[in-house]
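What follows is one structure encoded as structure tokens, with my remarks underneath.
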Amino acid sequence: MPDELVYLGFLAACIPIGFLFRYLSPSSKQGLALLLGLLTTLASCQIHTLHSLVTVIGTWIIIKSSGRLAPALCLSWTFLYLLFFRLVTRFDLPKPTPFANAIQLILTLKMVSLANEVHSFHMEKKKDVSSFSKPSVVGGLSQEPSLYDVLSYSYCYMGIMTGPFFRFQTFMDWLRQPNPQALPGWEPCVQRLKLVPVYSALFLGFNHFFPLDYVRTEEFLEQNIFFRMFYMVAVFFVFRMRFYAAWCGAEAGCITAGLGCYAEKALSKPGGGPTVNYSPDPNTTEKYDFKTIQNIDCYNTDFCVKVRHGMRYWNMTVQWWLHHYIYPNAPFKSYTLRAGWTMLISAYWHGLHPGYYLSFLTIPLCIAAESAMEASVRSKLGPAGQNIFDWVHWFLKMRAYDYMCMGFVLLKASDTINYWMSIYFIIHIIAVSCIITGRALKRGKREDRRGEK
């Protein structure tokens, strides 16, 4: 059975099952969510379930024994285990299934986040004892999780193979919802699913007419350059439609269960949850949202102007994780270098295929290019000029993501470089040209000012 059908069946089953959880007690919700997640893992991974179990137990031991070093040690532990997981065949062990890989990726994010949440809990506890003040962390833990809590969070069936990522606190808030049946369900679920048939049909249609394997053939390289350039547009379109359908479906499964449902006034962020301490007033009608588990903003992914903004709307819960646990600890100060470090870690998280690194490490170059042109050109234009600049910027942003997507899907360095070579490394050349032009214009303006003095 094709992997896509397995994912489709899993996502489809999660949607109706979710409504059942609204009628269960917290302990029943926790136990059943764990049971469904474990059954899903065992059915799809078989013996490879041991990889995720070892990761969870190792993380729990580190959290219990390492104190303030736990976040750094858990990051090292989970990322080193990812390396072992990907090289496991070199130790004469069986190759993990694609589903085991998907589960391991999400679990890595959860374990690092859990270690940071527990660390924050202990730090706030010390502050409370010394200053008698109220906790300053929004949505912080109220107690240290038990091994059962860690296991039930790790193997919660929602998002276990496809995302979205959510924090341990989000999971606990879900278990303790006072009146889950009163929370919105059908309407936001339908809103999230209404375009899934369109995305699915577009994915199937374009994937049929623009197969990826054709890029690897000699016949493709004999086509004219305009066709070769257009092909990356079609491939990235197929890529987007596939993930739009999958992530919207995954979100719908969380919505029906009520996971990540908070009052709008809590100002929740994808992945992170509430950003302000807010308790709904039982005497007033509250509006709720599911931003905490929102993993994709399809419209803004397509129509935002900048490369840096495009990342914010794609795989949003993972972007939150990278922004909070990787970006702040980057060994650089400049934004571009920090972004490069974060993209390097993101590439490693995705896998060891060279195509990931070639793609992700092109992003900082594109960010530097757009920053240079914004500072030297856009800032000097009037409203009409800026509008034209933004349309050109948007067009180039989309072509940059088309270009980078080819490395992400071709995976091999040779296939990626062969394709980029066939279109003369056009995005790299445009990016470098923009950086040089921007700096030249900036230098020229400085010299003009000196001359005036």
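The values are calculated or read from the model by the stated rules, or taken from the named source; none is laboratory data. Only a predicted model underlies this, so the values are computations on that prediction, with no experimental measurement involved. Quick reminder, even Gly has a Cβ in these numbers, built from the backbone with ideal geometry, and neighbours come from all protein chains shown. SASA here: full protein model, heavy atoms, side chains in, ligands and nucleic acids out. Shrake-Rupley method; radii C 1.70, N 1.55, O 1.52, S 1.80 Å.
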Per-residue accessible area, 1.4 Å probe, largest first, puts ARG242, ARG308, ARG22 in the order ARG242, ARG308, ARG22
Towards the positive end of the charge dipole of the chain, with charges on Cβ (+1 Lys, Arg; -1 Asp, Glu), say which of GLY382, LEU212, TYR262 has the farthest Cα.
GLY382
When you count, for each residue, the other Cβ atoms within 10 Å and take the mean per peptide, how do 287-299, 411-423 rank with the highest first?
287-299, 411-423
With region 319-364 reduced to its Cα atoms and the Debye formula applied, log10 I(q)/I(0) at q = 0.33 1/Å amounts to -1.19
Tell me whether region 275-372 comes out rounded, prolate or oblate; compute the Cα gyration tensor, take square roots of the eigenvalues as a ≥ b ≥ c, and use a/c under 1.5 as the rounded threshold.
prolate
Cα-projected label distance for SER65 with VAL276, points at 7 Å along beta-carbon direction, nm:
4.4
If you count only protein heavy atoms and use a 1.4 Å probe, how large is the accessible surface of ASP213, to the nearest 10 Å²?
100
Going toward the positive end of the dipole of the chain, with +1 on Lys and Arg Cβ and -1 on Asp and Glu Cβ, which of GLY438, LEU361, TYR7 do you reach last?
GLY438
Which net charge results when you count Lys and Arg as +1 and Asp and Glu as -1 among the other residues whose beta-carbon is under 15 Å from that of LEU75?
+1
Given Cα positions, please report Rg to Rh for region 1-112, the hydrodynamic radius being the Kirkwood one.
1.02
Would you mind putting 67-73, 153-159 in packing order, based on average other-beta-carbon counts within 10 Å, highest first?
153-159, 67-73
Would region 65-212 count as rounded, prolate or oblate if I go by the C-alpha gyration tensor, calling it rounded below 1.5 in a/c and otherwise prolate when a/b exceeds b/c, oblate otherwise?
oblate
I'm spelling it out carefully: the read-out is Cα extents along the principal axes in Å, the candidates are (1) 67, 45, 40; (2) 68, 62, 48; (3) 174, 75, 38, and one was derived from this structure. Which label?
(2)
Please report, in debye to the nearest 20, how large the charge dipole of the chain is about its Cα centre when each Lys and Arg carries +1 at its beta carbon and each Asp and Glu carries -1 there.
1460
Residues in region 381-421, backbone N under 17 Å from the label point at LYS442 (7 Å along the Cα-to-beta-carbon vector): list them, ranges by number please.
381
Projected onto the charge dipole of the chain (+1 at Lys/Arg Cβ, -1 at Asp/Glu Cβ, origin at the Cα centre), which of ILE423, SER334, LEU175 gives the Cα projection farthest towards the positive end?
SER334
Computed over region 134-280, Kirkwood Rh from alpha-carbon pairs, angstrom
18.4
Region 331-418: Rg to Rh, with Rh as the Kirkwood radius over Cα pairs:
1.07
What percentages, rounded to whole numbers, describe P(r) for region 184-228 computed over all alpha carbon pairs with 5 Å bin width beginning at zero?
5, 18, 15, 14, 11, 11, 8, 7, 6, 4, 2
Could you calculate the FRET efficiency of THR97 with GLN143 from 1/(1 + (r/R0)^6), where r is the beta carbon distance between them and R0 is 30 Å, rounded to 0.05?
0.25
Classify region 357-401: rounded, prolate or oblate, from the alpha-carbon gyration tensor (a ≥ b ≥ c, eigenvalue square roots; a/c under 1.5 rounded; otherwise prolate if a/b is larger than b/c)?
oblate
Restricting things to alpha carbons, tell me how big region 232-297 is in terms of Rg and Dmax, in Å.
15.3, 54
